[in-house]
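Inspection log for the structure reproduced underneath, given as structure tokens.
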Amino acid sequence: MSASHPASAQYNMAELTLRGVILGALITIVFTASNVYLGLKVGLTFSSAIPAAVISMAVLRLFGSASILENNMVQTQASAAGTLSAVIFILPGLVMIGHWQGFPYWQTFGICAAGGMLGVLFTIPLRRVMVVQSELPYPEGLAAAEILRVGNADTADGGDDVRKGLNDIWAGSIVSAAVALVTGGFRLLSEGLNVWAGIGAAIFRLPLGFSLALLGAGYLIGIVAGVAVLIGVIISWVFAVPILSMLTPASPGTTLAAYATGLWGSQVRFMGAGTIGVAAVWTLITLFRPMVAGVRESLRSRSTFDDGSERPLTDRDLPVRAIALIGVAVMALLTLIFSVFLIDARLSLPLLCGLVAMSLAFSCVFGFLVAAACGYMAGLVGSSSSPISGIGIIAMILVSLLLLASGSVDHLLDAPGSSKLPIALAIFVTAAIIAIAAIANDNLQDLKTGWLVGATPYRQQIALLIGCVVGAAVISPILELLYNAYGFVGALPRPGMDASHALAAPQATLMTAIANGIFMHQLNWTMILIGVAIGALLIVIDIVLEKRGSKARVPALAVGLGIYLPPSVGMALVAGALIAWGLQLHLAKRKASGDKAGAGRIERRGVLVTSGLIVGESLMGVILAAVIGATGRDDPLALVGAGFAPAAQWLGLAVFALVIAWFVRRLLKAA
């Protein structure tokens, strides 16, 4: 029996409209580009649902006939496409190992679109049990629904709220883009400040990053995750690197910075990989039982459906026949993409068919389990906190072991054209899994938003499918542009490029290293096992804190990211988290004094301004990439030479502090 609906169905309102689809596609391009850049730079992406909803309300209001349901469809489509950009956590690995020299459009489009659409289809049977009948909070879904309600065109104050919200996004975007232009374009500001110290043979580093996009991302992840990242940075640069540098001192003539950075990159990062891996496995273990129960209940509920015609619009999913037809078409597309990926290796027909079948079966079976797990995790802790990269690590290990067990690795190693074909295939299959996981993560959040505002599920599911196709269409060109302009750490497209500006692509680097280590027997198991031990200890501490009812927590996944990410990146995230914590203390005082409305305005404005900070810097990064690609120079807009670097560091610090002061003042004015 269906649960009672929290919002009355508004059957006379337009939902899935042509103008909404076009607007959603345009917003999709913006947020996909932003997320691809941010993900390659730092390994994090941001939820685009709330800023997409605000932009949609502002634009559609110009037509004079927008509805809350049409706005919901636009944010559904845009957020799905932005979420699909999580495939950049793995796809750059194909360039890093030399299998691809760029990002072939149709293969990239096909794996992203097919994986994303499977993610939509796999979560349709989960909607009723995980969205309608469960007590899962779905934090981003609830927040997006609240934004849509506040900005509803039928309310007197909605127009003013929408204008203010759009102004907040614009303000954050303009400030962030301007700083990014002066930093990455004119080179007048530094991207960070590092103080190096040598005590005996031990090398210490005090880092600080000035990225406004990372500042915004840190604000959104909050103080708990921010402190955990700080712990990871401390483990790396107060303990691990100094100890390693004492055990093996630098050779004469080597600078402190170069030697310590080399130790961190070749050894300490594998500690972070071990911590991230054990944290991801533990998360899946803790969620396995409720996930299985949810899937079982969902399938049982699905079998009781008739043709859906008697259900209200707010409880109608895509018909089973449509799901089956789309599923067959998507699996046919996935089969074609896997075949094209392997065809140049000139394998024997039985081996080719066997590998394609294995890849397809793994993508579908493991993909469905991942969709259920990610849907549950998104409902429990939110899409932003769900460990997609951890899912990718597990998928990478499993598909690599599956290839080894199949006995086909020797044949793949002997294939013409690429000595790393087994690694490449493992990466490509994992890309499909990550696309499924990312969309499943987002899909149920959007369906929760729709359930709260009275939307029609099957129309939302159509919008999600459209979003996957549009997002997949723009990911390849953006990846190609950024790769040719900046390169990735360890993979530069042209000789003589400035490696200091290469994008870190941390998850892709990590997963590629794991696959390479499995097939080539070259994994740094000592450091990985140390990281596993650290992760296990953190999990125990976190469990103890939870049982004691403490607000302090130590999420092992965030600590692992702090160990693994460049320290300037981690410290910029910490700075944003500290700002969020300070404002939370201020909000608590306001709420205690009875000013709940003012506190709510500050919270909403914080989300919108920080979303603008992320979008502005990310889009400027893409624009600068286009300029670099067009000119063929690393710094075509630079106004100063390398000798200006010391002054640029202190100027960068001053500007960073001024932006923080502006940000805090703008939020407090909201009350």
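Side notes on the structure shown:
- Options (1) 0.99; (2) 0.93; (3) 1.13 - which one matches Cα Rg over 2.2 N^0.38 Å as calculated here: (2)
- At R0 = 30 Å, FRET efficiency that the Cβ-Cβ distance of Ile285 and Thr526 yields, to 0.05: 0.75
- Virtual paramagnetic centre 7 Å along Cα→Cβ of Ser339, amide N under 18 Å, in segment 429-469: 429
- Fraction of antiparallel bridges per DSSP, the chain only, in percent to nearest 5: 90
- Screening the chain for whole DSSP H helices with an alpha carbon extent of at least 30 angstrom along the helix axis and a mean Kyte-Doolittle hydropathy of at least 0.5 yields 18-42, 269-303, 320-343, 349-381, 421-453, 457-486, 525-547, 567-592, 596-631, 645-669.
- Probing with 1.4 Å while keeping every protein chain in the model, the per residue accessible area of segment 426-559 equals 34 Å².
- Cα centroid separation - segment 239-254 against segment 573-614, whole Å: 42
- Simple spin-label estimate for Ile660 and Ala178 in nanometres, 7 Å along Cα-Cβ: 2.0
- Residues in segment 516-534 reached by a label modelled at Ile243 [backbone nitrogen below 15 Å; 7 Å Cα→Cβ]: 526-534
- One chain, two ends: Ile22 and Trp650. Fully extended at 0.36 nm per residue, the span grows by 221.6 nm beyond their Cα-Cα distance.
- The residues of segment 222-284 expose on average 40 square angstrom of accessible surface per residue, using a 1.4 Å probe on protein heavy atoms.
- Pair-distance distribution P(r) for segment 474-552, from all Cα-Cα distances in 5 Å bins starting at 0: 3, 12, 13, 14, 13, 12, 12, 10, 7, 3, 1, 0 percent.
- Extension reserve of the Ala592-Asn194 stretch, reckoned as 0.36 nm per residue once the Cα distance is removed: 139.2 nm
- For the pair Ala322 and Arg553, label points projected 7 Å from Cα toward Cβ lie 3.7 nm apart.
- Estimated inter-spin distance, Leu313 and Arg149, nm [label 7 Å along Cα→Cβ]: 2.0
- Checked against a 31 Å cut-off, the cross-linked pairs Lys448/Lys551; Lys41/Lys596; Lys41/Lys591; Lys164/Lys551; Lys164/Lys448 give Cα-Cα distances beyond that limit for Lys41/Lys596; Lys41/Lys591; Lys164/Lys551.
- Per-pair calculated FRET efficiency, R0 = 56 Å: Leu349 and Thr254 via Cβ, rounded to 0.05: 0.55
- Within segment 189-204: backbone nitrogen closer than 20 Å to the Leu639 label point (7 Å, Cα to C-beta): 189-192
- Portion, in percent, of the accessible area of the chain that falls on carbon or sulfur, probe 1.4 Å: 67
- Here the sum of -39500 (n - 2.57) over DSSP H runs of 4 or more residues, divided by the residues of the chain, equals -24000 deg cm²/dmol at 222 nm, to the nearest 500.
The values are calculated or read from the model by the stated rules, or taken from the named source; none is laboratory data. Computed from a prediction, not measured in an experiment: that's the story for all the values here. Glycine also receives a Cβ, built like all others from the backbone with ideal geometry; neighbour counts cover every protein chain displayed. Accessible surface is based on the protein model in full, side chains and every heavy atom, while ligands, DNA and RNA are left aside. Shrake-Rupley method; radii C 1.70, N 1.55, O 1.52, S 1.80 Å.
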